[in-house]
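Here's the structure, in structure tokens; my notes come after.
Values in this text are rule-based calculations from the coordinates and carry no lab data. Computed from a predicted structure; not experimentally measured. Glycine also receives a Cβ, built like all others from the backbone with ideal geometry; neighbour counts cover every protein chain displayed.
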Amino acid sequence: MANGRISLNYDLVTKILTSFIKEEVEKIGIKNVVVGLSGGIDSALSATLATLALGKDRVYAYALPYKTSSKESLDDAKLVADFLGVNFEIIEITNFVDPYFKINPNISNLRKGNVMARMRMIVLFDKSAEVGGIVLGTSNKTELLLGYGTWYGDLACAINPIGDLYKTQVWELAEYLNIPKRVIEKKPTADLWEGQTDEEELGFTYRDVDRLLKAMIDDRKDKSELLRMGFTEEFIDNVKERIRRNQFKRQLPVIAKISNRTIDKDFRYSRDWGY
């Protein structure tokens, strides 16, 4: 890991992830994928990998802006769709969520953001039924570990090709695949409210937290080792608590056990094998 980069063999990674998409989509008898294009790098990378795996005609991309969404985000979503040549549609969600906001006049920005994220996923899952596809995930490993996403909103999907890539690795793979630089170099934002950026909301940069997460999660370094690496105790404890507090977002709903074969505990059926 040199100069803060957590580099991989991106030729091999591309082959693995495109094979993953093709296999997971086709083995359940589905032909297409659906992806929400936010104008950010994560959705751009997922859409690019799907296009490489299945071809542009089998990828259906949707931009789902709210009235306060930035024009730049929509322009960048169009840029990626044009770059890939995929099926593309813009569906504004303003008229879907504003009636709810109207009867909740004191709703916070955070709650508004969650409502919008979940409405976008309602649209994507409905579109997946329309086009005969499955919803492609766009959350990276950093976001999943930190719980930086909306439960049953942007975290919802059928398959996720980039969930084992840290944010810095997403940037590097995007560069390798020649995704438009404007999308790679922009400040990461969920665009949930005007002026919002990921790193400002989190309180640290993706490059710093990825270095910590790589050491903490992949390399299993304990706190004393992390301190010797130069991370502050406050930063370590903050990130560790985020990971612990958001474990529920990374799991199926917890099911109370009363039988000898409880779903997701004893019975984990795979479509690749029998009962």
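Some points to look at:
- The chain, helix-only ellipticity at 222 nm - DSSP H runs n ≥ 4, -39,500 (n - 2.57), divided by all residues, nearest 500: -14000 deg cm²/dmol
- Radius ratio Rg over Rh of segment 108-216, counting only Cα atoms, Kirkwood formula for Rh: 0.97
- Segment 10-202 - charge dipole about Cα centre, Lys and Arg +1 at Cβ, Asp and Glu -1, debye rounded to 20: 360 debye
- For Ser70, Ser38, Ser128, Ser259, order by how many other beta-carbon atoms lie within 10 Å, fewest first: Ser259, Ser70, Ser128, Ser38
- Alpha carbon centroid spacing (whole Å) that separates segment 75-104 from segment 135-203: 17 Å
- Counting all C-alpha pairs of segment 1-110, share separated by more than 23 Å (%): 45 percent
- Per residue, the convex hull spanned by the Cα atoms of segment 1-52 amounts to 88 cubic angstrom.
- For Lys265, the lysines whose Cα falls under 18 Å of its own Cα, not counting residues fewer than eight places away in the same chain, are Lys249, Lys257.
- If R0 equals 35 Å, the separation of the Cβ atoms of Arg182 and Tyr100 corresponds to a calculated FRET efficiency of about 0.55.
- Angstrom value of the Kirkwood radius, inverse mean 1/r, which spans all Cα pairs in the chain: 19.9 Å
- Of the residues Thr14, Thr68, Thr138, the one with the fewest other Cβ atoms within 10 Å heads the list, and the complete ranking is Thr68, Thr14, Thr138.
- Percent of Cα-Cα distances greater than 21 Å, calculated over segment 50-158: 42 percent
- Which of Met229, Met116 has the fewest Cβ neighbours within 10 Å, and the rest in rising order: Met229, Met116
- Structural descriptor for the chain: relative contact order 20 percent, calculated from alpha carbon pairs under 8 angstrom and at least 6 residues apart.
- Taking each of Lys31/Lys214; Lys78/Lys181; Lys127/Lys167 in turn, the alpha-carbon distance tops 25 angstrom for Lys31/Lys214; Lys127/Lys167.
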